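Quick notes on the structure that follows.
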Amino acid sequence: MKASAPKAKESSAPKAQARAASREDVMPPPVLGEEIPERAWLIASLAVLMVATALRIYALELKPMHHDEGVNGFFLTNLLRQGVYHYDPGNYHGPTLYYLTLPVVALFGLNTFAVRFVTAAFGIATVWLVLALRRYVGAFGALTAAALVAVSPACVFYSRYFIHESLFVFFALGIVVAALRFYETGAGVYLCLASASAAMLFATKETAFISVGTLALAWAFAHVWVKWAGGGRGARGRKKGGEGGGGLAKFDASGQAPLFVAGAFALFAFIWILFYSSFFTYWKGVFWDSFEAFRVWKQTGMSEFHSKPLDTYVRWLWQEEAPILLLAVAGACVALFERRRNRFAVFAGAWAFGLLAAYSLISYKTPWLVLSFVVPLAVVAGYAVQAFDNWVGGARRWHSPALAIVAVAIAVCTYQAVVVNFREYDNDRYIYVYSHTQRQALDMLKEVERASARAGAREPGIIVASPEYWPLPWYFRDNSHVGYLGNVSTYYDPQSTLMVIGRKSDNPKEDQYGQLRAVLAASYVEAGTYPLRPGVTLVLFERRDLAGK
């Protein structure tokens, strides 16, 4: 009996250590600093979401539709009224935007607010997903990151656009959140959610391969960096790095791993086929167009179209998102070199700056692409604030130094967001206002309405002679008597054509004003000239009897 006692102790110790190691692996990365009380967390989270909602929903119809919004609206109109949409890999992005917006416009009508509401809702949902990272960057860090995304000028501006970017960023972040939950819990449902998010990402925009590739490289970098920096210290090193990952062992031991892996692949394929086949009606979209898109957009990325210098995105971020950029740099440095390394923070830094580098290396650059890396930059910025708060003492000092940093960052971003979204939304001196429709174009539309009312015509005959006319088809979507000829005719019938819209330009090759005046002199008068967007001015002619008095 005496001999057996030491033996029992020796055999139980490894078991206890194994159980402890198992618990350590299952646990998420250690929460940093002193946690915010749950009630305070809920109130703060709700406040952040309310701010995000207000900035994205208020006066959603204020700015005119952009050229690209008009094109997307055209596809949506055809889908709603004719039930037809076919993916085109040559010029346009994926089908999710149209199909996810379809039920909204079917219920609430085909109007500017309804279509933009969908992208605004995804922008708000992205803020919610950032809050879901609380276990990985700390409560204060997650609130800071979510608040920065809520008021980021880019995130607000392009959430109020009917383009693909808002959906794209949501699905990319969805992959990360679902993968983290799977890594932590081993629940197969999260593997399927990550797969579904990836499929939706690829069905939204062809640049998905950049995001997914960067995510994979960031994960590999974080794994190697934390392992190298840990110096092979075993369980202790893993704990400090916040490695976790016991969920994978649990998943393997469940006996259902093959079923869930197969299900995840099947779900990805189903979503891909569903959208690119236009709900099983256009098989060319699946077997040819969806793959042809990668070749087309590779050529686009290497072309001179929208070509800009290597440092363009950094300069744009410095001009419009400086607080997020500065805090993100600090957060990435802290994640790399702090003694108690957080694997997710290292990953997030590599993800954010990896995307910034990837898009910077591509010559094709547009402002809305910054959304892809502004959100992960905000996450890393939140981690920087959390780390600083831990360093100065956390809740024992009421977070005052860290709160001061957050307050300044949010104040700067909010001011810039309000200016660019509600005051200077068509001023192309601002980076995000990229070839946007001028507000004076709405004055032309009002004049068209007045002339139509004087003629007593619900659908007046209008000829658009200008080859540059988007987004006018969106605004004339309920008028079947509008023709887009793109050139000047030798004669216009005043009985059927009440108005003619042409282009006025200092460039003789583009100008139609002189020709139109000569052709229309007998029956029409000039109603006014209106800037459509930078470099494009339209001139409206209306029948003499309809001219305003």
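The values are calculated or read from the model by the stated rules, or taken from the named source; none is laboratory data. Quick caveat, the model's predicted, so the values are computed rather than measured. In this analysis, Cβ positions are derived from the backbone assuming ideal geometry, glycine residues included, and neighbour counts consider all displayed protein chains.
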Taking segment 66-82 and keeping residues polar (S, T, N, Q) and in contact (Cβ under 8 Å) with a residue 24 or more places away in the chain leaves Asn72, Thr77
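Would you confirm, using the coordinates I've provided, whether Ala142 is buried (at least 24 other Cβ atoms within 10 Å of the Cβ) and of a type in the set (A, V, I, L, M)? Even if it seems obvious, please write down each step before you answer.
Numbers: buried (at least 24 other Cβ atoms within 10 Å of the Cβ): yes; of a type in the set (A, V, I, L, M): yes.
Yes, satisfied.
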For Thr126, work out the one condition from (1) surrounded by 24 or more Cβ atoms within 10 Å (Cβ to Cβ); (2) more than 21 Å from Ala47 (Cα to Cα) it doesn't fulfil. (2)
Which listed residue, of Leu167, Leu201, Leu193, Leu148, is crowded, with 24+ Cβ neighbours inside 10 Å and free of Cβ contacts under 8 Å to residues at least 60 places away in the same chain: Leu201
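Listed here are the residues, each with its yes/no results for (1) touching a helix residue (DSSP H, G or I) at 6+ places or on another chain (Cβ under 6 Å); (2) within 30 Å of Asp478 (Cα to Cα).
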| position | (1), (2) |
| --- | --- |
| Leu79 | yes, yes |
| Gln82 | no, yes |
| Val149 | yes, no |
| Cys155 | yes, no |
All conditions in (1) at pLDDT 80 or above; (2) farther than 23 Å from Phe202 by Cβ are true of Ser307 except (1)
Let me confirm something: among Glu447, Glu459, which residue is surrounded by 17 or more Cβ atoms within 10 Å (Cβ to Cβ) and of a type in the set (Asp, Glu)? Glu447
The residue that is nearest to Cys413 (Cα to Cα), considering only those in segment 36-78 that are over 18 Å from the mean Cα position of the chain (by Cα) and not in a helix (DSSP H, G or I), is Tyr58
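Which ones in segment 266-290 are closer than 19 Å to Ser197 by Cα, within 25 Å of the chain's Cα centre (by Cα) and part of a helix (DSSP H, G or I)?
Initially, segment 266-290 is screened for residues closer than 19 Å to Ser197 by Cα, giving 266-279, 286, 290.
Then keep just the ones that are within 25 Å of the chain's Cα centre (by Cα); that gives 267-279, 286, 290.
Hits for segment 266-290 are Leu267, Phe268, Ala269, Phe270, Ile271, Trp272, Ile273, Leu274, Phe275, Tyr276, Val286, Ser290.
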Which residue pairs have Cβ atoms closer than 6 Å, lie 6 or more positions apart in sequence or on different chains, and pair a first residue in segment 35-56 that is of a type in the set (Val, Ile, Thr) with a second residue that is assigned to a helix (DSSP H, G or I)? Ile36/Ala139; Val48/Ala146; Val48/Ala147; Val48/Ala150; Val51/Ala150; Thr53/Ile124
In segment 342-385, what count of residues is obtained for those that are more than 17 Å from the chain's Cα centre (by Cα) and of a type in the set (D, E, K, R)? 1
Specify which of the listed residues (Ser505, Ser452) is surrounded by 16 or more Cβ atoms within 10 Å (Cβ to Cβ) and either under 30 Å from Val115 (Cα atoms) or among the basic types (Lys, Arg) (or both). Ser452
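Residue-wise test of (1) modelled with pLDDT under 95; (2) surrounded by fewer than 16 Cβ atoms within 10 Å (Cβ to Cβ); (3) touching a strand residue (DSSP E or B) at 6+ places or on another chain (Cβ under 7 Å); (4) not assigned by TED's automatic domain parsing to the domain that holds Ala293.
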| site | (1), (2), (3), (4) |
| --- | --- |
| Leu180 | no, no, no, no |
| Gly213 | no, yes, no, no |
| Phe221 | no, no, no, no |
| Trp225 | yes, no, no, no |
| Gly231 | yes, yes, no, no |
| Gly242 | yes, no, no, no |
| Leu267 | no, no, no, no |
